[in-house]
Amino acid sequence: PGHYAFIETKAPDGYVLNTEKVEFTISETEEGKPKPSDAGTFVNYQGSVQLIKKDQDGNVLDGAVFKIIDSDGKTVRDDLMTKEGGKIDAGGLAPGNYQFVETKAPDGYLLSTTPVPFTIKAENSGKPNQAALTAVNIKNSVVLTKLDQGDKRKVLQGAKFNLTDANGKVLTEGLTTDEHGQIIVRGLKAGEYQFIETKAPELYSLDQTPISFKITNTDIKPVEISAENTLTPGDVTLTKVDHDDKNKVLEGAEFKITDSSGHPVNTGGSKERPAVWKTDQKGRFTVKGLAPGQYQFIETKAPDGYQLNEKPIEFTIEKGQSKAVEVVVSNKKLKNPAPGKDTPNHQTNQGGHHPDTNGKTNHSDTGKNLPKTGDTDGMMPVTAGILLLLAGGAAAVVSRKKKARNR
């Protein structure tokens with residue numbers, strides 16, 4: 001007879017040791033054979049856990065998917081999803097150390113890569129309390145940065161975009177790049193999207209090529225994309241005229257174009273530009289689509305019967321210019337060009353006239369021209385005079401000799 005207690009010393013595998021005593025009494029007064037004392041039922045429990053998923057503002061989130069792994073990295077529960085109230089309840093866990101690992105974020109949020117650890121204790125007095133955990137998700141985001149194509153260190157403010165789904169349905173209008181050249185959109189559901197530019201930054205050309213991107217429930221960082229704009233190009237028109245009669249236009253002059261570094265400008269966007277530009281019957285040609293900057297025309301062939309103008313003719317395409325730059329270039333006629341011969345491409349201007357960079361002509365010293373080597377027009381009078389002097393001298397010598405003989 002007396003008071004006793006059962007005390008568990010080892011729990012079944014997978015169960016929590018129950019340290020709660022199970023007491024019973026053996027009576028001192030029993031008639032006949034004593035009946036077994038009923039000590040009651042001894043219960044072993046397994047561990048359980050509850051996780052609540054929230055956002056940064058404390059709002060509960062449905063639709064997050066987790067798995068539970070043990071200390072060896074083995075998955076012991078899979079495809080656990082937060083439901084109403086953002087909760088997951090998981091039971092039947094043996095004592096040990098575990099982690100919740102998120103495998104899919106709720107729509108509009110980044111996947112959390114931080115495991116949520118918890119422990120099921122090896123022993124407990126009675127039924128263990130349910131472990132309570134909280135996991136937080138951050139909203140996903142896409143960051144669009146607008147850049148200058150020619151200088152990618154320069155960000156562009158004021159570009160406007162529409163956000164559409166993959167089918168072109170507009171979801172948000174009028175998104176505008178800020179002082180950092182950025183648009184940030186947060187909380188998008190998983191899917192495919194596009195940014196479409198509706199207004200270019202000031203002085204730049206509109207580019208309506210869709211900029212596609214994808215949001216997934218496994219993104220762990222913001223989606224970052226960039227888009228570029230080119231400065232609005234400009235045009236230039238060159239007109240070739242006669243130096244002495246500006247109303248007379250000259251056909252057939254040929255030019256090449258170089259940039260400020262002296263490199264030929266041969267390509268424009270996706271189409272080729274000719275390497276040589278030639279004035280038409282109106283004495284003109286127009287070059288379109290030049291990026292803002294400094295350029296120069298260099299004459300490579302003069303119109304027939306005219307001197308080659310070898311001085312580079314500089315011009316500038318300004319940012320945002322709406323009208324073509326007008327350049328007028330004049331040429332002087334050749335003196336007595338030989339019939340049937342092509343205009344020499346190596347002749348230079350004579351008489352002290354020098355064309356300036358805009359094609360107009362500056363007049364310097366206009367004094368008399370000195371005879372030049374090979375200039376037969378200037379040498380003929382001199383030659384004739386010399387011949388006359390020689391003839392006169394010879395006649396005088398002959399006359400003296402005759403007088404001497406007569407003596």
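Structure above, values below:
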read-out: Calculated log₁₀ intensity ratio I(q)/I(0) where the Debye formula runs over C-alpha points of region 47-137, q = 0.10, 0.12, 0.14, 0.20 Å⁻¹; value: -0.24, -0.34, -0.46, -0.89
read-out: Region 47-137: antiparallel DSSP beta bridges as a percent of all, rounded to 5; value: 75 percent
read-out: Cα-centre dipole for region 225-303 with unit charges at Cβ (Lys and Arg positive, Asp and Glu negative), debye to 20; value: 140 debye
read-out: ³J(HN,Hα), Karplus 6.51/-1.76/1.60, whole Hz, each residue of region 157-164, x for Gly, Pro; value: 8, x, 6, 10, 9, 9, 9, 10
read-out: With 10 Å bins from 0: P(r) over region 1-111, alpha-carbon pairs, percent; value: 12, 29, 20, 15, 12, 8, 4, 0
read-out: Considering only region 141-229, percent of DSSP beta bridges that pair antiparallel, nearest 5; value: 75 percent
read-out: Coil-residue trypsin sites (Lys or Arg not before Pro) of region 273-308, DSSP, other Cβ within 10 Å capped at 15; value: LYS282
read-out: Where labels lie 7 Å past Cα in the beta-carbon direction, separation of ALA39 and ALA190 in nm; value: 5.3 nm
read-out: Ellipsoid equivalent to region 141-229 - semi-axes via the Cα gyration tensor, in Å; value: 22, 15, 10
read-out: 22 Å Cα-Cα threshold exceeded, pairs from LYS54/LYS160; LYS256/LYS282; LYS152/LYS199; LYS278/LYS333; value: LYS54/LYS160
read-out: Efficiency of FRET between THR316 and ASP62 - r from beta-carbon atoms, R0 56 angstrom, step 0.05; value: 0.35
read-out: Computed label-point distance, nm, for sites LYS21 and LEU203 using a 7 Å Cα→Cβ extension; value: 8.9 nm
read-out: Check: region 47-137 dipole with +1 on Lys, Arg Cβ and -1 on Asp, Glu Cβ, in debye; value: 200 debye
read-out: Interchain or long-range residues, amide H under 5 Å from ASN140's placed H; value: TYR109, LEU110, GLY187, LEU188
read-out: Estimated vicinal HN-Hα couplings, Hz - region 200-205 in sequence order (Karplus 6.51, -1.76, 1.60; Gly, Pro = x); value: 7, x, 4, 6, 10, 7
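Since every read-out is calculated from the coordinates, none of them should be taken as a lab result. Owing to the predicted nature of the structure, the values given are computational and were not obtained by experimental measurement. All Cβ positions, glycine included, derive from the backbone under ideal geometry; neighbour counts span all protein chains shown.
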